[in-house]
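Inspection log for the structure reproduced underneath, given as structure tokens.
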Amino acid sequence: MGFLDRLREGLARTKQQIVGRFEEIVQQADAVEQRTRPIDVDTIEALEELLISADVGLPATEQIVNAVRSRSRHGESLRDLVKEEIRRIFEAVEGAAPPDGRPPHVTLIVGVNGTGKTTTIGKLANLLKASGKTPLVCAADTFRAAAVEQLEIWARRAGVEIIRASEGSDPASVVFDAIQSGKARGRDPILVDTAGRLHTRVNLMNELDKIRRVAARAAEGAPHEVLLVLDATVGQNGLQQAREFTSVAGVTGIVLTKLDGTAKGGVAVSIAHDLKLPIRYVGVGEGIDDLIPFSPQDYVDALFQEKW
């Protein structure tokens, strides 16, 4: 099954939630308008309500609706207008990839407990290995008793090496050792599993800052990427988490997990619009192959295509 097909499956609940109403709105717009006049107020209000119900968020919804208002008089279909504006929101931040620097490429994976952070690392290692890379996993979550064991299971499933330390070890030291080991073994990239933490816990957030500083001493430009794992089922509540993590950990991209478990997959649009951060990957299931690179075009096609 290709990436687009898996994304379609992952967005099935969201599509089911909005597609019927969206088709009604499109048909209403086509029936009422002559395509030379602005779309009527009732259609605009229905579109606003639909987007907000899909967790697109108010700021992003306003941008989409304003674009529809201003351009509808030029004869473009409502479907195309909505799809294009959502795609624009994503593409405005898609070029924000951090510089690679010299290998090894070091990626920190951060987030609160329960978002699927550790499993995401295993899936990401598997995806990168399949693309020809030689990932090394670093178990820097030394607080949670089962964290290292869980990560080892995923590393074995992905067929990649793991660097670990005893429970209670200094996480920054583990990261330093992993980077040094990765250099010696020629492994690239290095994926660092950090402890899940609430964004309100100042001491744990400060620890993330320490990890960043130690990584920078171990490898030029490190960390080259800081991926924040967000649970799509949390919706708008995840945005505040992301703001706090970004201010402390320098988040450069988002991994949106559990997209298949929510009818509010529109939160992806809100993340890109409000946080100005690119979505790098989306999780669409529990299997090791169920992490896929995010594509704005595939997203809008999967969500608003008339028929799959």
Q. Roughly what percent of Cα-Cα pairs across region 198-308 reach past 23 Å?
A. 35 percent
Q | Largest-first principal axis extents, alpha carbons of the chain, Å | A | 68, 39, 33
Q) In sequence order, what are the phi-derived ³J(HN,Hα) couplings for region 275-281 according to the Karplus relation 6.51 cos²θ - 1.76 cosθ + 1.60 with θ = phi - 60°, rounded to whole Hz, with x for glycine and proline? A) 8, 6, 10, x, 8, 7, 9
Q) Between ILE162 and residues 5 or more places away or on another chain, which pairs have amide H atoms under 5 Å apart, with H built 1.01 Å from N, and which residues are they? A) VAL137
Q. Between SER169 and residues 5 or more places away or on another chain, which pairs have amide H atoms under 5 Å apart, with H built 1.01 Å from N, and which residues are they?
A. none
Q. What does the convex hull of the alpha-carbon atoms of region 106-251 project to on average, in nm²?
A. 8.1 nm²
Q) Near the amide H of ILE279, under 5 Å away, which other amide H atoms are found, from residues 5 or more places off or on another chain, if H is placed in the peptide plane? A) ILE254
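Taken together, the values in this text are just the output of simple stated rules run on the coordinates, not laboratory data. Since we're looking at a predicted model, the values are computed, not measured.
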